[in-house]
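Only one structure is covered here, and it is reproduced in the block below.
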Amino acid sequence: MSPKTKNIVTLVAIISPFILFALAGRYLIDLREMPRTNKGQLLIPHIDIADLQVRDDQGNDYTGDDMTGLWTILYVADANCDTRCKNALYYQVRQVRLTLGEDIDRVRRVILHTAPAQESLSQFMNDNVEGMISVHASPDTVRQALAPVYAPAESQPVGDVFLVSPDGQIFMRYPTHENMDATLEEAENIRVDLKRTLKGSLIG
């Protein structure tokens, strides 16, 4: 074997494991099934807020343009506010934002009403989570737009918390709970994911 041939064989031996690893990653490994560091449910692909056909209190379209510049903690509500709703609005939305320190002004709180708010919800918001942005959308449209998040189960977004990027992309979901320990654990999950996102982001 000539020196040139030996060099070629040596080079192939060195690079072949990397080529095989790359091919395995491309064709044999489903990246969606690999362990992730995020605590919440990462939505792949992300869902555009425009797909929910959201409107503000004046009936105007509320789109990604309205979300520019800030990250959003979004809560999907129905007419009433039970224990799970109160836990979510107070601990998983309000309190999480307050723990962000110098990043607090990079995050807004939005409640998406899928039905007119009854007294229980309006009163709780006024007394405990004042300052949230209220927007509105049809419950059927919201369920349909967020259906991929819950597949193959039926879409049930009411009562869940979502993170939304400054360009209007819904990218993370968190459940809510009646149990206080579970609520506080979920709030910590949101805080960890949000802090990591804000730290690594050049936008918002």
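Please treat every number below as a calculation from the coordinates, not as lab data. Just so it is clear, the structure is predicted and the values come from calculations on it, not from any experiment. Please note: Cβ atoms are built from the backbone with ideal geometry, for glycine as well, and neighbour counts cover all protein chains shown.
Given the peptides 161-168, 38-45, arrange them by the average over their residues of other C-beta atoms within 10 Å, most packed first.
Working: 161-168: 21.0, 38-45: 14.6.
By packing density, highest mean first, the sequence is 161-168, 38-45.
Classify segment 107-204: rounded, prolate or oblate, from the alpha-carbon gyration tensor (a ≥ b ≥ c, eigenvalue square roots; a/c under 1.5 rounded; otherwise prolate if a/b is larger than b/c)?
Details: a/c = 1.33, a/b = 1.13, b/c = 1.17.
Verdict is rounded for segment 107-204.
What FRET efficiency would be calculated for the residue pair ASP127, ALA151, taking the C-beta separation as r and a Förster radius of 41 Å, to the nearest 0.05?
On the way: r = 37 Å, r/R0 = 0.91.
Here the calculated transfer efficiency is 0.65.
Report the Stokes-Einstein translational diffusion coefficient (µm² s⁻¹, integer) for segment 41-184, Rh taken as the Kirkwood radius over Cα pairs, at 25 °C with viscosity 0.890 mPa s.
Here the translational diffusion coefficient equals 162 µm²/s.
For the modelled label position 7 Å from the Cα of ASP57 along Cα-to-Cβ, which residues of segment 92-128 have backbone nitrogen atoms closer than 18 Å?
Residues 108-128 qualify, since their backbone N sits under 18 Å from the label point.
Whole Å is fine, so just give me how far the alpha carbon centre of segment 143-160 lies from that of segment 58-97.
17 Å
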